[in-house]
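Here's the structure, in structure tokens; my notes come after.
The values are calculated or read from the model by the stated rules, or taken from the named source; none is laboratory data. What you see is a predicted model; the values in this text were computed from it and never measured. Counting neighbours? That spans all protein chains shown, and the Cβs are built from the backbone with ideal geometry, glycine included.
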Amino acid sequence: MTEKNWRMKVLIYMHFFAPSVGGVEKDVLLLAEGLAALRDRWPGNVTVTTATPAKDYDDSKLPYPVVRQPSLRRLIKLVNQADLVQLTGPSLLPLFVAWLLRKPIIIEHHTYPPVCPNGLLIQEPAKNICPGYFLARDYLQCLRCTAATGGRFESLRALFLTFPRRWLCQHVDVNVPVTQHVLERLKLPRSRVIYLGVPEETNQVKPELHAIQPAAGNGLSFAYVGRFVSQKGLPLILQAAKTLLAAGYNFRIKFVGDGPDRGELEAQAAQLGVSERVEFTGFLTGDLFQAALEGVSAVLMPSVCEETAGLAAIEQMMRGKLVIASNIGGLGEVVDDCGLRFPAGDVQALTECMRTVLDNPEIVASKGEAARRHALNSFSQQRMLNEHIELYAQLLGRAGHTRNQPAATGLSNR
């Protein structure tokens, strides 16, 4: 094949993929779809392989091939045919296969498995932020943490697998943390931050309209968007609602999404006496999702764990929404000063942020516009695609590249 006709073959592996729903899954969809759309301007083809079964999901609608649940033989063939392998997280089997076959390897890090047996940097069962016991070689603490939720055997297994996972991450060509916070937590060599990217919304909201003219009789509206799990700190919203209601404020709160904690949250809303001000919409997509957020003045993200990035926050910033978020991990990093941030777990501080919006609705427009500018500058899908394509070119442009050497200028050797 002549150089003119050569096309770069990129294999992207991720354990969870559509129809599984989550920020990581959506990020890979946006990356793969964006690369496929650039086929006429980028000399490459992308294939996604995953351990997730299709179920009712129609892969034929995607503009790139998807290989699901490949056998070991098929996986080896896919990796061998690829010019470059990109993994979303350090999945051991495909990572080991790619390393043995001497393929250029990129690992994109959305969680913390190279430094934490449970991958979340959360101490169980107390659910405190882990100070970094694995890197400090305090493995007894790691065993106690994972045993609290998975039992003794699972605890030993998780700890044991963290060692080869970290070793392999230290010997790939490039590690790609999705925020500076993740880079600092992982402490891996040859690291290069590439922020998540989302489409530039053409139907940008006009926050000044619903800031000045809230729905008749309902006051300003807040919303949470995402999964209902303990790490998201959702009880804080209900506790803040109780305080604001007692102070005589008029407002509404929407919980847009679903998850295992929904029943507990509904019960807590009733117990706190705020059910009439709270709406649980369930999981929404498309026009229904857009309609649910149409009259929302600010989006609440009160996470109590170290989010690696916060894709939901980025999406709402791109739409020109004011985001009120915990100043923790990558979430606080991406929201920056264009939103309102408060210390994680501090219900009084969250209440004050919401009170600020209720007392000064004009900041919804000014902060929303700042959020939009920040998202366009830092989190556009096109910027994400350009940085990935540049990285691919740097890796494949190095004749006879050698692992353990910096892949390209701009990579950190931490």
Going by the structure shown, is Asp59 free of Cβ contacts under 8 Å to residues at least 60 places away in the same chain, of a type in the set (D, E, K, R) and over 25 Å from Gly226 (Cβ atoms)?
-> yes
Only one of these conditions is not met by Asp27: (1) touching a Leu at 6+ places or on another chain (Cβ under 6 Å); (2) outside any helix (DSSP H, G or I). Which number is it?
-> (2)
Members of region 259-295 found to be modelled with pLDDT under 95 and hydrophobic (A, V, I, L, M, F, W, C), listed by number = Phe283, Leu284, Leu288, Phe289, Ala291, Ala292, Leu293
Any hit, region 313-326, residues being of a type in the set (S, T, N, Q) and in contact with a Ser or Thr (Cβ under 6 Å, 6 or more places away or on another chain) | yes
Identify, from the list Pro125, Pro114, the residue that is crowded, with 18+ Cβ neighbours inside 10 Å and out of contact with any His (no Cβ under 6 Å at 6 or more places or on another chain).
-> Pro114
Failed criterion for Ala309 (all others in (1) out of contact with any His (no Cβ under 8 Å at 6 or more places or on another chain); (2) closer than 22 Å to Gln123 by Cβ; (3) modelled with pLDDT under 95 hold) = (1)
Select from region 339-381 the residues that are of a type in the set (Asp, Glu) and more than 16 Å from Phe222 (Cα to Cα) and list them in ascending order.
-> Asp346, Glu369
What number of residues within region 278-336 are in contact (Cβ under 8 Å) with a residue 60 or more places away in the chain and of a type in the set (S, T, N, Q)?
-> 6
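Return the residue satisfying two criteria in turn: it lies in region 231-269 and is more than 20 Å from Thr351 (Cβ to Cβ) and of a type in the set (Gly, Ala, Ser), and of such residues it is surrounded by the most Cβ atoms within 10 Å (Cβ to Cβ).
If we filter region 231-269 for residues that are more than 20 Å from Thr351 (Cβ to Cβ), which is where we start, we get 231, 256-264, 266-267.
Filter once more, so that each one left must be of a type in the set (Gly, Ala, Ser): 257, 259, 263, 267.
Values: Gly257: 23, Gly259: 16, Gly263: 10, Ala267: 11.
It comes out as Gly257.
For region 111-129, does any single residue satisfy the condition of being of a type in the set (Asp, Glu) and within 21 Å of Thr308 (Cα to Cα)?
Keep residues of region 111-129 that are of a type in the set (Asp, Glu), which gives 124.
Subsequent filtering for residues that are within 21 Å of Thr308 (Cα to Cα) retains 124.
Within region 111-129, one or more residues are of a type in the set (Asp, Glu) and within 21 Å of Thr308 (Cα to Cα).
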Taking region 10-24 and keeping residues assigned to a loop (DSSP other than H, G, I, E, B) and hydrophobic (A, V, I, L, M, F, W, C) leaves Phe16, Phe17, Ala18, Val21
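Being more than 15 Å from the chain's Cα centre (by Cα) and surrounded by 22 or more Cβ atoms within 10 Å (Cβ to Cβ) is the filter; apply it to region 327-351 and report the residue that is nearest to Pro199 (Cα to Cα).
Gly339
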Inspect all residues belonging to region 26-43 and state whether any of them is closer than 21 Å to Val178 by Cα, surrounded by fewer than 20 Cβ atoms within 10 Å (Cβ to Cβ) and acidic (Asp, Glu).
-> yes
Could you figure out which of (1) over 30 Å from Glu306 (Cα atoms); (2) not in a strand (DSSP E or B) isn't true of Pro90?
-> (1)
Candidate set from region 104-130 (those that are over 16 Å from the mean Cα position of the chain (by Cα) and part of a strand (DSSP E or B)); member that is nearest to His181 (Cα to Cα) = Ile129
Report yes if some residue within region 79-87 is part of a helix (DSSP H, G or I), modelled with pLDDT of 95 or more and surrounded by 15 or more Cβ atoms within 10 Å (Cβ to Cβ); otherwise report no.
-> yes
